[in-house]
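Data first, discussion second: the structure below is written as structure tokens.
Since every read-out is calculated from the coordinates, none of them should be taken as a lab result. It should be emphasised that the depicted structure is a prediction, and the values quoted were computed from it without experimental measurement. Virtual Cβ from ideal backbone geometry, glycine too; neighbours counted across all protein chains shown.
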Amino acid sequence: MWESIRGLLVDRDGVLTCSPGNVPLPGVLPWMKELQHHKTPFLIASNHTLSSPDEAVHDLNRVGFDVKLNQILTPLCVLMEYFKRRNPGNVFVIGTDLLKNYLKDNGIQLTQAYGAQTVLMGFCRDLTYQEMSDALTAVHINKADFIALHQNRLFMDRSGKLELGLGAWVKAIEYATGVQSLIVGKPNPFYYEIALNRIGLRADEAVMISDDPFGDLWGAKQIGIRTVFLTSGKYPDSMVLNQLTVDQKPDLVMSSIKDVPTLLV
Ligand SMILES: [Mg+2]
């Protein structure tokens with residue numbers, strides 16, 4: 001497979017770092033240095049939404065990754081690209097203050113649920129039943145567009161325990177309203193189109209490497225990107241792939257990104 005690959009799209013949590021403490025996984029820093037030494041095109045394609053793209057770069061720099069702002073893509077970057085193409089009007093946000101401030105700084109008008117043309121959901125531990133009901137009303141009664149930053153099923157918290165991902169809340173609103181959300185993060189093909197554009201490669205020249213075969217890899221595969229599933233993250237047992245059909249399964253399974261070749265054609 002590797003002979004036709006020219007660049008890498010690389011997930012962050014569970015691939016480069018582990019969530020509790022943002023610690024680089026074993027062997028990953030030297031692997032990344034080698035990748036950069038060979039000038040192999042790569043983009044960190046993350047669904048991380050709890051920090052701004054600038055902060056995400058700062059967090060990676062702080063633990064030893066020498067990466068720049070144009071080498072990381074998050075749903076917030078993709079969301080702004082989407083809003084450039086389609087004006088969201090007044091937006092009701094369920095999410096962190098960071099998300100709300102990021103939107104305001106980028107000229108997006110925020111509002112309460114009543115009168116919203118768009119409902120945007122990001123991950124937020126302080127989410128309330130009232131906010132969920134407000135979002136339901138805006139989408140179901142007022143026909144607001146329903147957008148979510150991603151639909152990750154679950155993640156590991158700082159103590160290593162599993163927590164419900166944003167996807168669980170998004171599915172609750174979808175179930176109640178019968179309205180399908182637009183997901184701006186992985187696995188939306190639009191996310192991958194922006195990602196490929198950033199590294200200047202066609203889908204068949206890139207590979208997506210991730211520890212999430214549901215939230216990440218299946219979407220990449222659908223637009224012709226080859227996929228590698230790593231067991232270094234949230235699913236240490238590759239038996240999880242049995243939940244996928246044959247055409248959804250990743251092309252390769254590896255235990256760590258440090259086994260991925262750093263010098264490509
Ligand atoms: Mg991950």
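Net charge near residue 96, counting Lys/Arg +1 and Asp/Glu -1 over other residues with Cβ under 9 Å of its Cβ? Please report the intermediate quantities before stating the final value.
Numbers: positive: 100, 125; negative: 97, 126.
Its environment carries a net charge of 0.
Choose one answer from 246, 139, 93: the residue with the largest mean-square fluctuation in a GNM of the chain with alpha-carbon springs under 10 Å.
246
Which of the chymotrypsin sites (Phe, Trp or Tyr not before Pro) found in segment 73-126 are loop residues per DSSP with 16 or fewer other Cβ atoms within 10 Å of their Cβ? Numbers along the way, then the final one.
On the way: sites: 82, 83, 92, 102, 114, 123; in loops: 114, 123.
Answer in residue order: 114.
How many angstrom lie between the Cα centre of segment 72-121 and the Cα centre of segment 130-195?
The distance from the Cα centre of segment 72-121 to that of segment 130-195 comes to 14 Å.
Under a GNM of the chain (C-alpha, springs under 10 Å), which listed residue has the highest mean-square fluctuation: 16, 230, 69?
Judging by the Gaussian network model, the answer is 69.
Express as a percent, rounded to the nearest 5, the fraction of DSSP beta bridges in the chain (both residues included) that run antiparallel. Spell out each step's value before the answer.
Values: 5 of 33 bridges.
Antiparallel: roughly 15 percent of the beta bridges in the chain.
Where in segment 149-219 are there trypsin sites (Lys or Arg not before Pro) that are in a DSSP coil and have at most 13 other Cβ atoms within 10 angstrom of their Cβ?
On the way: sites: 153, 158, 161, 171, 198, 202; in loops: 153, 158, 161, 202.
Loop-located and lightly packed - 158, 161, 202.
Would you work out if segment 54-101 is rounded, prolate or oblate? Take a ≥ b ≥ c from the square roots of the eigenvalues of the alpha-carbon gyration tensor; rounded if a/c is under 1.5, else prolate when a/b is larger than b/c, oblate otherwise. List each step's numbers first, then the result.
Numbers: a/c = 4.61, a/b = 1.86, b/c = 2.47.
Because a/c hits 1.5 or more and a/b fails to exceed b/c, segment 54-101 counts as oblate.
For segment 1-56, which trypsin sites (Lys or Arg not before Pro) are both in a DSSP coil and crowded by at most 15 other Cβ atoms within 10 Å? Each step should come with its number before you reach the end.
Numbers: sites: 6, 12, 33, 39; in loops: 6, 12, 39.
Listed in order of number, the matching sites are 39.
Can you tell me the length gained on complete extension of the stretch residue 242 to residue 254, counting 0.36 nm per residue apart and subtracting the Cα distance? Intermediate values should be presented prior to the final figure.
Numbers: separation 12, 0.36 × 12 = 4.32 nm, distance 1.59 nm.
Roughly 2.7 nm would be gained on extension.
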